[in-house]
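The structure appears right after this line, and notes come after that.
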Amino acid sequence: MPEAQLASVARHSAASLREQLQQGRRALREHYAADGKARRMLWQHRLLIDRTLRGLWKDAELPGSLTLVAVGGYGRGELFPHSDVDILVLLPHEPDVDLKAKLETLIGGLWDAGLEPGHGVRTIEECLFESAKDITVQTSLLEARWLAGSRSLFAAFTRAMREQLDPQDFLQSKRLEQEQRYGKFQDSPYSLEPNLKEAPGGLRDLQAILWISRSAGLGENWMQLAERELITPAEARQLASYHKFLSELRIRLHYIAGRREDRLLFDYQSALAAQFGFADTPSKRASEQLMQRYYRTAKAITQLNTLLLQNIAVQLSSGEDSEPEILNERFQAAHELLEARDADLFERQPGAILESFLLLQQHHELKGMSAPTLRALWRARARIDARFRRDPANRALFLQILQQPRGLIHELRRMNQYSILGRYLPAFGRIVGQMQYDLFHAYTVDQHIFNVIRNLRRFTMVEFAHEYPQCSRLIAGFERHWLLYIAALFHDIAKGRGGDHSRLGMQDARSFCRAHGLTREDTELVVFLVEHHLTMSSVAQKQDLSDPDVISTFAATAKTERRLTALYLLTVADVRGTSPKVWNAWKGKLLEDLFLLARRLLRGDSVGFEQDIQAKQEEALRLLRLYALSDEVKDKLWSQLDVAYFLRHDGQDIAWQTRTLHYRVDTDRPVVKARLSPIGEGLQVMIYSRDQRDLFARICGYFEQINFSIADARIHTTRHGYALDTFLLLGSGNNPHYRDMINLIETDLSERLQRQTPLHPPTRGRVSRQLRHFPITPEVNIRPDEKGASYALSIIAGDRPGLLYGIALVLGKYNINLITAKIVTLGERAEDVFLISGAALAQPRTVLQLESDLLDALQLK
């Protein structure tokens, strides 16, 4: 048949098959909605795709020497509603031109038929070559299943793959691959929006076990593994149940999302919960109940995954037995694993439970516990009761675990995985898997706590000193820094109980410290840290650090330099541990500035703001001299600046602005100057212009239009009526190209301010997924400051593009003057504080209307 005619027939056949495929998939969805049988749905979907592919293969009239092979998840028969259809066209030799054309027609027909194929066209030799290079390719090809074409070629292919396969190498490669995969998810299943396929405890963990067991000839399914005594029959039934639950969850997720989606996003959690029969209760949302079931499942899967892989490793290395190394009378090391020397050790001596984790920290050559020891540990966890917790020996062991120089976070996670930590600290057990719907935490409460401890540990490690230079220096001189780990364990432990979690956690921390024999001084330090773990972040981000009273009040709260240092270290670790979106260099600088100012005061130096101003001016002059500018160039500009300006700017900023403006202090044209921010992230933009109505709104509107957010705004008016404003801008995305934007901002914004372009109407920017599902009720509060000279405007709202511009428009409408702005974004939550003045603020009725208009501007819709 001519090539053009063949292509025409293929298109006609593909269109027919597309319709059949769509009908078949609709029928499958209806049947699944009716009976909810995941295994049947996956099997029937596979059969439907098999028929479609065989029809296309037949129409393509390819040589009989070729083979069509299903690989990957499709090969093993697990084809989810929107999964890729992975196929391999196996060739006996390199294709000629005619065959290449036919293969291209076939692949085009797959897309025309409505399939989304992941395809490869290879000879056996090419398959072996790719398989040897890439464990993912090798794994996919091991799932191969014949679909059409030459059976003899397929038999030769499977034989060659088996001959190439080394079970021990395959095990090691899959273990390494799993470690790398775990690392992408913080080694925890406890993300608020977990990936049910790839994250720890997901479907991939179950698949990895079966891939490895099949490669070693140890079993094709869970019951066969039980028959080989790699797991118990009860564990086999558990694994089958977990596999069924995750499969059902993934099928329903695909249907609800209408595409291939493996993340349990907030968008889908409520709908999934309803389909699984969960309903809201007074204390828990239906979605939270579903997610807690998911976390329990994922936790159990990670336990059984560890146990099974260790048992398989022992089977594969059975010919390599060596004498175990005796560690003490209770434990030994064998095959790089910790073993209890007596199967009943944990039942007879429950204190050995904590000792086992301590030994793993002390013996870095050990990679975990043996499977029998893990089983015994799991069975004996109930021995950790009130009597166990009162035992001084056990309390001493737990403190030793916290004091070890290595392995702390790894063993705390392991203790949590096997429910040991939650039984020793019952308050911690209550927050395992607890969701946080606050729009800036990305993890469950327990996972966040581990992140904070991990960050504190990184401060002590030389290899991370470049990331946290100030924190690394401080913790190196901090005696008994392990006290910070205790504070981190308890800082959020009371979440979900109702009331102030800081004060409730403080009580738990005090009880723990007293029970474990800490000195009064150390106890008070830990209690202080738990009680005030939010204080430093709040002061740094929401209050004016140029105000001496702010620094004095904060320093009085800290009382001593040791407590201040501890609070600074915990705060940095805490903020960095909430979510990758929350931390930025600007927040780091605010915290460091507050720490340095308070430390100076606590060391006995007066805050000395007059001396500060003098020191800043001297530093600015020194920098100006480096540009060959005389000391006199400052006079005209500095004579127009008041004390507030010098308090709010450092010497480098003063020098930069003086160098830019000294020869145009009375200019009629707006001056806009931008540079890469000295803090290492973002752009710093200076605007100097005769003051004009709606200046702040015009500036905010421009930054919104170029997709930059304002992290900080320092608003100043000179004595002769010029606005001298400085903004810190942060771009969106991973690579905002700050340097490329400098010329555009300087030219474009200056022109807009010169022409005083009309203000565009406020826009309701795109709302994030999190805000759509967990909206924040806006709050507005206007109150006089303590000195009565101005007013503090506090705003809480869901963050979105255009939010600050909308606020600026309302302030302009009431002729409100902006003195300074503290822009605080916590994930999806905006908490901004403005210092404002204006005649309208003296009229209570006008203030009420202003608050009403601001609330309207803050609404998401």
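Couple of notes before you dig in:
- Two-site FRET efficiency, GLN849 against ASP785, from Cβ-Cβ distance with R₀ of 22 Å, rounded to 0.05: 0.55
- Taking the convex hull of Cα positions in region 464-512, its mean projected area over all directions (nm²): 4.5
- Hydrodynamic radius by Kirkwood, which averages 1/r over all alpha carbon pairs of region 186-281, in angstrom: 14.8
- Length added when fully stretched, ASP166-ARG603, from 0.36 nm per residue minus Cα-Cα: 150.8 nm
- Reachable aspartates and glutamates, given that their alpha-carbon falls under 12 Å from the alpha-carbon of LYS102 and they are not under 8 places away in the same chain: GLU3, ASP59, GLU61
- In Å², nearest 10: area of ILE699 left accessible to a 1.4 Å probe: 0
- Length gained when the stretch SER152-ALA234 is fully extended (0.36 nm per residue, less Cα-Cα span): 25.4 nm
- Computed 3J(HN,Hα) for region 419-435, one whole-Hz value per residue from the Karplus formula 6.51 cos²θ - 1.76 cosθ + 1.60 where θ = phi - 60°, is 6, 7, 5, x, 7, 6, 10, x, 5, 5, x, 6, 9, 5, x, 7, 6, glycine and proline marked x.
- Translational diffusion coefficient (Stokes-Einstein; Kirkwood radius from C-alpha pairs) of region 336-420 at 37 °C, 0.692 mPa s, in µm²/s: 254
- Sparse packing (at most 12 other Cβ atoms within 10 Å of the Cβ) combined with a DSSP loop state is found for the following GluC sites (Glu not before Pro) in region 781-861: GLU786.
- Each distinct pair of alpha carbons in region 266-380 adds a 1/r term; the inverse of their mean, the Kirkwood radius, is 16.7 Å.
- Calculated Rg and Dmax of region 664-730 using C-alpha coordinates, Å: 12.0, 33
- Region 251-355: relative contact order in percent, alpha carbon pairs under 8 Å with at least 6 residues between: 11
- Calculated mean residue ellipticity at 222 nm for the chain: -17500 deg cm²/dmol, from DSSP H runs with n ≥ 4 weighted as -39500 (n - 2.57), summed, divided by the residue count and rounded to 500.
- Pairwise FRET efficiency - ASP666 versus GLU632, Cβ, R0 = 25 Å, nearest 0.05: 0.90
- Per-residue extension of 0.36 nm, minus the Cα-Cα distance of LYS100 and GLN315, leaves a gain of 72.8 nm for this segment.
- Heavy atoms of MET223: accessible area, 1.4 Å probe, square angstrom to 10: 90
- Charges were assigned to the Cβ only: +1 to each Lys and Arg, -1 to each Asp and Glu. The resulting dipole of region 555-675 about its Cα centre is roughly 580 debye.
- Reachable lysines from LYS636, criterion Cα separation under 24 angstrom, eight or more residues apart if same chain: LYS616, LYS673
- For peptides 498-511, 150-163, sequence by mean Cβ density within 10 Å, most packed first: 498-511, 150-163
- Cα convex hull volume per residue for region 724-814 (Å³): 171
- Range of Cα positions in region 117-243 per principal axis (Å), largest first: 45, 34, 28
- Tail fraction, Cα-Cα pairs, region 68-118, threshold 17 Å, whole percent: 42
- From the C-alpha gyration tensor of region 553-635, square roots of 5λ in Å: 32, 20, 8
- Segments 52-59, 302-309 sorted - mean Cβ within 10 Å per residue, highest first: 302-309, 52-59
- Label zone at ARG29 (point 7 Å along Cα-to-Cβ), backbone N below 15 Å, region 246-286: 251-261
- Axis of helix 585-602 versus longest Cα principal axis of the chain: the two differ by about 50°, to the nearest ten degrees.
- Note on region 689-826: dipole from Cβ charges, positive end direction compared against ASN815, LEU724, LEU749; the farthest Cα belongs to ASN815.
- Dimensions in Å of region 707-752 - Rg and Dmax from alpha carbons: 12.9, 42
- Sequence-distant contacts, meaning Cα pairs under 8 Å at least 6 residues apart, place the relative contact order of the chain at 7 percent.
- Computed E for GLU220/ASP593 - FRET, C-beta separation, R0 51 angstrom, nearest 0.05: 0.25
- The share of Cα pairs per 10 Å bin across region 534-595, counted from zero up to the longest distance, runs 22, 57, 20, 1 percent.
- The figure for LEU683 is an accessible area of roughly 0 square angstrom, using a 1.4 Å probe on the protein chains alone.
- Between helix 266-275 and the chain: long-axis angle, C-alpha atoms, 0 to 90°, nearest 10: 50
- Relative compactness, region 747-861, computed as alpha-carbon Rg over 2.2 N^0.38 Å: 1.13
- On a per residue basis, region 606-650 carries 56 Å² of accessible surface, using protein heavy atoms and a 1.4 Å probe.
- Per residue, the convex hull around the alpha carbon atoms of region 90-162 comes to 101 Å³.
- Reduced Cα scattering model of the chain, Debye log10 I(q)/I(0), q = 0.07, 0.10 Å⁻¹: -0.73, -1.19
- Note on the chain: with neighbouring protein chains present and a 1.4 Å probe, carbon and sulfur make up 49 percent of its accessible heavy-atom surface.
- Rg over Rh [alpha-carbon atoms, Kirkwood Rh] for region 48-95: 1.00
- Phi-derived couplings, Karplus 6.51 cos²θ - 1.76 cosθ + 1.60 at θ = phi - 60°, listed residue by residue for region 688-693: 10, 7, 4, 4, 9, 5 Hz, with x used for Gly and Pro.
- Highest-first packing order for the peptide set 483-492, 33-42 is 483-492, 33-42, based on the mean count of other beta carbon atoms within 10 Å.
- Karplus (6.51, -1.76, 1.60) ³J(HN,Hα), θ = phi - 60°, over region 522-530, in Hz, Gly and Pro reported as x: 5, 4, 5, 5, 4, 4, 4, 4, 5
- With eigenvalues of the C-alpha gyration tensor scaled by 5 and rooted, region 588-747, Å: 26, 22, 15
- Acute angle (nearest 10 degrees) that the helix 3-35 long axis makes with the longest principal axis of the chain, alpha-carbon atoms: 80
- Inter-label distance, nm, simple model (7 Å from Cα along the C-beta direction), PHE464/LYS559: 3.0
The values are calculated or read from the model by the stated rules, or taken from the named source; none is laboratory data. Values in this document were obtained by computation on a predicted structure and should not be read as measured data. Ideal geometry is used to build each Cβ from the backbone, glycine not excepted, and the neighbour counts take in all protein chains shown. Surface areas here come from the heavy atoms of the whole protein model, side chains and all, with no ligands, DNA or RNA. Shrake-Rupley method; radii C 1.70, N 1.55, O 1.52, S 1.80 Å.
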